[in-house]
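J.: Take this structure first; my questions come after.
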Amino acid sequence: IAFNVVRAVGGTTLGLAYGLNAAEAIVAAGMPSSAARAAGIFYPIADSVAKASGSDPAQGTEKKTGRFLVQSAFQATGNSASLWLTGAAQNMLVLRLASQIGYDMPSPFKTWLVACSVPALVAMALTPLLAFKLLPPEVKQTPEAPEAARAKLSAMGPMSRDELVMALTLLGMVTLWAGASVFHIPPVVTALLGLCTLMLFGTVTWADCVNEKGAWTTFTWFAILVGMSAMLNKLGIVKWLASTISSRIVSLGLTAGPAFVVLSIMYTAAHYLFASQVAHVGALYQPFAVMMIQTGTPPMVAVLALAVVSNIFGSLTPYASAQAPVFYGGGYVTQAEWYRSGAVFMVFNLLVWGVVGGAWWKALGML
């Protein structure tokens, strides 16, 4: 998918950035690991294309195209993860944590996609333009990129049987997730059906599953975090903490809107202290969701808004997410540029989601 997009629109540096971001938006629907998607697929493509155009940090030419392409691709990940419920692992954790405090999302896949589609797509459309302004590439034309993509596609050859099975299985899973309320099939059953299909056809073996150490680590930490949050909620600690802080916010005379803004900024700024999005969500999502609701924010808005912020603050610092060290380690963007870009993009994303998302959610009747 990515190479075909690059082949079609990769003749200019800006077009290449848009192509990579569009490809990520598509792939995110069926790849619920933003780290694997960004660091494992799109960083290598951006790095390969940059070096093919003569942009290499080792030679001091990172500003030609690489700096812009790498930062544009990196900043798009938070919004592609927000576009789909299946776009990031922490999205599922968010739904579980929200359910523990009494707020279940009806038809989660459909509700999430409808609510987040417009603001996410607007943010993704504007991201390359802002990156172009912040980190302008010295080279604006990249005629070698489509050629490199054609060469890669030629080397890959036609789709194999396993690739076709994988593609059709993922398409079927996304369809069942989207129509869960119609088919009455729980999302976890769909996931297991997909895995069983891949194993029956031999596309994936149990040995492959065992070797996915990152997935087992995720399962383990999710179990611990969900268990801890459930106990904190059962003991009343989450509600006590939220009530204490929200009462002080109300005593300051803040209405629902200003309180929502203050809490969103506090939740975002706290990520400077975290090196994991999942850890941040596990520690702070429930208290902040309860505080927002207690100060007047509609429950579904609070659930979704904090979920989106939990995705987009993954690009705040070089350590803010699992994919960040990979992009930073490429050497295309200096530490000072990274922190400056992270802060600017965080403000940009909050504004887009606040203005465009707010208007869209109001049109949907959520506000």
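J.: Using amide H atoms built 1.01 Å from N in the peptide plane, name the residues 5+ places from THR12, or on other chains, whose amide H lies under 5 Å from its own.
T.: The answer is THR142.
J.: Between ALA322 and residues 5 or more places away or on another chain, which pairs have amide H atoms under 5 Å apart, with H built 1.01 Å from N, and which residues are they?
T.: Under 5 Å from the amide H of ALA322 lie the amide H atoms of GLN277, each far enough along the sequence or on another chain.
J.: Using Cα springs under 10 Å in a Gaussian network model of the chain, which residue among LYS63, LYS110, LYS152 shows the largest mean-square fluctuation?
T.: LYS152
J.: Given only helices, namely DSSP H runs of n ≥ 4 each adding -39500 (n - 2.57), what is the per-residue ellipticity at 222 nm of the chain, to the nearest 500 deg cm²/dmol? Walk me through the numbers on the way to the answer.
T.: Details: 20 runs with 262 residues, N = 367.
Counting only the DSSP helices, I get -22500 deg cm²/dmol.
J.: Can I ask one more? Work through the residues other than LYS140 whose Cβ is under 14 Å from its Cβ and net out their charges, Lys, Arg +1 and Asp, Glu -1.
T.: +2
J.: Protein chains only, probe 1.4 Å: how do CYS209, CYS116 rank by accessible area, largest first?
T.: My answer, sorted largest first, is CYS209, CYS116.
J.: Quick one: what are the phi-derived ³J(HN,Hα) couplings along the stretch 275-291, Karplus 6.51/-1.76/1.60 with θ = phi - 60°, whole Hz, x for glycine and proline?
T.: So the Karplus estimates, Gly and Pro as x, are 10, 8, 5, 5, 4, 4, 4, x, 7, 10, 4, 4, x, 6, 4, 5, 4 Hz.
J.: For the pairs LYS213/LYS234; LYS110/LYS213; LYS51/LYS152, note any where the Cα-Cα span goes beyond 22 Å.
T.: From LYS213/LYS234; LYS110/LYS213; LYS51/LYS152, over 22 Å: LYS213/LYS234; LYS110/LYS213.
J.: Related question: Which whole-Hz couplings ³J(HN,Hα) result when phi for each residue of the stretch 7-15 is put into the Karplus expression 6.51 cos²θ - 1.76 cosθ + 1.60, θ = phi - 60°, listed in order with x for Gly and Pro?
T.: So the J values, rounded to whole Hz, are 4, 7, 10, x, x, 10, 4, 5, x.
J.: Quick one: grab the alpha carbon gyration tensor of the chain, order the square roots of its eigenvalues as a ≥ b ≥ c, and give me rounded if a/c is under 1.5, else prolate or oblate depending on whether a/b is larger than b/c.
T.: Details: a/c = 1.89, a/b = 1.30, b/c = 1.46.
Oblate, because a/c is 1.5 or more while a/b does not exceed b/c.
J.: Work through the residues other than ALA17 whose Cβ is under 13 Å from its Cβ and net out their charges, Lys, Arg +1 and Asp, Glu -1.
T.: Working: positive: ARG67, LYS133, LYS140; negative: GLU24.
Neighbour charge sum, excluding ALA17 itself: +2.
J.: May I ask you to derive the relative contact order of the chain, considering only C-alpha pairs under 8 Å and at least 6 residues apart, and to give it as an integer percent?
T.: In percent, rounded to a whole number, it is 23.
J.: So, one more: Per residue of the stretch 196-206, what does 6.51 cos²θ - 1.76 cosθ + 1.60 with θ = phi - 60° give for ³J(HN,Hα)? Whole Hz please, x for Gly and Pro, Karplus curve as stated.
T.: With coefficients 6.51, -1.76 and 1.60, one gets 5, 4, 5, 6, 5, 7, x, 5, 10, 9, 5 Hz.
J.: Here's something else I'd like to know. Once a ≥ b ≥ c are taken as the square roots of the eigenvalues of the Cα gyration tensor of the stretch 243-316, is the result rounded (a/c under 1.5), prolate (a/b larger than b/c) or oblate (a/b not larger than b/c)?
T.: Numbers: a/c = 2.01, a/b = 1.77, b/c = 1.14.
Cα axes put the stretch 243-316 in the prolate bin.
J.: Rounded, prolate or oblate: which fits the stretch 53-204, taking a ≥ b ≥ c as square roots of the Cα gyration tensor eigenvalues, rounded meaning a/c under 1.5, else prolate when a/b beats b/c?
T.: Oblate shape, in that a/c is at least 1.5 and b/c is the bigger or equal ratio.
The values are calculated or read from the model by the stated rules, or taken from the named source; none is laboratory data. Please read these numbers as outputs of a predicted model, since none were measured by experiment. Ideal geometry is used to build each Cβ from the backbone, glycine not excepted, and the neighbour counts take in all protein chains shown. Protein only, heavy atoms only, side chains kept; ligands, DNA and RNA dropped before computing areas. Shrake-Rupley method; radii C 1.70, N 1.55, O 1.52, S 1.80 Å.
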